[in-house]
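The next block holds one structure in the form of structure tokens; read it before the comments.
The values are calculated or read from the model by the stated rules, or taken from the named source; none is laboratory data. Computed from a predicted model, the values in this text were never measured in an experiment. Virtual Cβ from ideal backbone geometry, glycine too; neighbours counted across all protein chains shown. Ligands, DNA and RNA are excluded from the accessible area calculation, which covers all protein heavy atoms including side chains. Shrake-Rupley method; radii C 1.70, N 1.55, O 1.52, S 1.80 Å.
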Amino acid sequence: MRAIGDAKRPVTQFTPMAHPTIPLQFQRFQEAEMQARAEAFRSDIARRRTVRDFSAEAVPRALIETCLAAAGSAPSGANQQPWRFVAVSDAAVKKHIREAAEAEEREFYARRATDAWRAALAPLGTDAEKPFLETAPWLIAVFYEAYALDAQGNRDKRYYPMDSVGIASGFLIAALHHAGLATLTHTPSPMAFLNTILGRPDNERPFLLLVVGYPAADARVPAISRKSLSEIAVFV
Ligand code: IYR
């Protein structure tokens, strides 16, 4: 097989196949500007809080689409982009998701959670009631491909799919915050009901249910603190 873009080069079976490259689009800044940008990003992203009290105010679909496109630019194992985002605004589907999630959460709070887990959650004030799943204008169900199926129906391996989707979810949360929206990272467990309700195939596994919208006017959040830099980072 001839190397792409290198028509004259003789190709033997020992020559690795050439893959096309393009020039890197890298933006270089002055160091002072870099520090200022880093500070601006840090203070903006540090303002993000998980919100559990949402307003019903509508959010344009275009805003969600743009943030999803940002998430889709995340790095992934072997660039397989093993993510699938299902953006739900339909009231009936949201109601269905709420009912299924609350059924799991009732089990969780009543039986599945250990006492230690319940104690760890106490400061957050969470319980099995999840009204925000209906109130918020958008729910984004994030799935990862555990494997893919080729045209013949054979399983195509996915590399680091959960890790990749975790990174993309981080991009998505940051993009939504940057756009001026509030989010809640919700992980009812187990989440298999999302496949049923949203009609996703078995190779797609639910990873996260992101609740998106504006906070309620009187929204309050737990008074939490963040670990200091010296607690989270080591320089060698
Ligand atoms: N999924 C449950 C419990 C829960 C678990 C963790 I870990 C949290 O950080 C928050 C909640 C719920 O959503 O209530």
message: Just to verify a number: FRET efficiency for Met34 and Leu63, C-beta to C-beta distance, R0 = 22 Å, to 0.05?
response: 0.15
message: Can you give me the distance in nm between label points at Ala119 and Ser225, each placed 7 Å from the Cα along the Cα-to-Cβ direction?
response: 2.0 nm
task: Multiply the residue gap between Thr185 and Ala146 by 0.36 nm, knock off their C-alpha separation, and tell me the result in nm, one decimal place.
output: 12.0 nm
- line: Going residue by residue through segment 99-116, the Karplus relation 6.51 cos²θ - 1.76 cosθ + 1.60 with θ = phi - 60° gives ³J(HN,Hα) values, rounded to whole Hz and with x marking Gly or Pro, of 4, 5, 5, 5, 4, 5, 5, 4, 4, 4, 5, 7, 10, 5, 5, 6, 4, 5
statement: On the accessible surface of the chain, probed at 1.4 Å with all protein chains in place, carbon and sulfur together account for a percent value of 56 percent
field: Solvent-accessible area per residue for the chain (1.4 angstrom probe, square angstrom)
entry: 65 Å²
field: Distance in nm between pseudo-label sites at Ser73 and Thr196 (7 Å out along the Cβ direction from Cα)
entry: 3.9 nm
- prompt: Got a sec to turn the phi values of segment 223-236 into Karplus ³J(HN,Hα) couplings, 6.51 cos²θ - 1.76 cosθ + 1.60 with θ = phi - 60°, whole Hz, x for Gly and Pro?
  reply: 7, 9, 10, 10, 4, 6, 4, 5, 7, 9, 9, 10, 10, 10
task: Compare the peptides 225-231, 142-148, 174-180 by average per-residue count of other Cβ atoms within 10 angstrom and give them in order, highest first.
output: 142-148, 174-180, 225-231
- prompt: What does the accessible area of Trp117 come to, in Å² to the nearest 10, when a probe of 1.4 Å is used?
  reply: 140 Å²
task: Write out the GluC sites (Glu not before Pro) in segment 88-134 meeting two conditions: DSSP loop, and at most 15 other Cβ atoms within 10 Å of their Cβ.
output: Glu129
message: Using amide H atoms built in the peptide plane, which far-off residues or other-chain residues are under 5 Å from Ser189 H to H?
response: none
query: In whole Hz, what ³J(HN,Hα) sequence does segment 73-82 give by Karplus (6.51, -1.76, 1.60; θ = phi - 60°), x for Gly and Pro?
result: 8, 5, x, 8, x, 6, 6, 7, 6, x
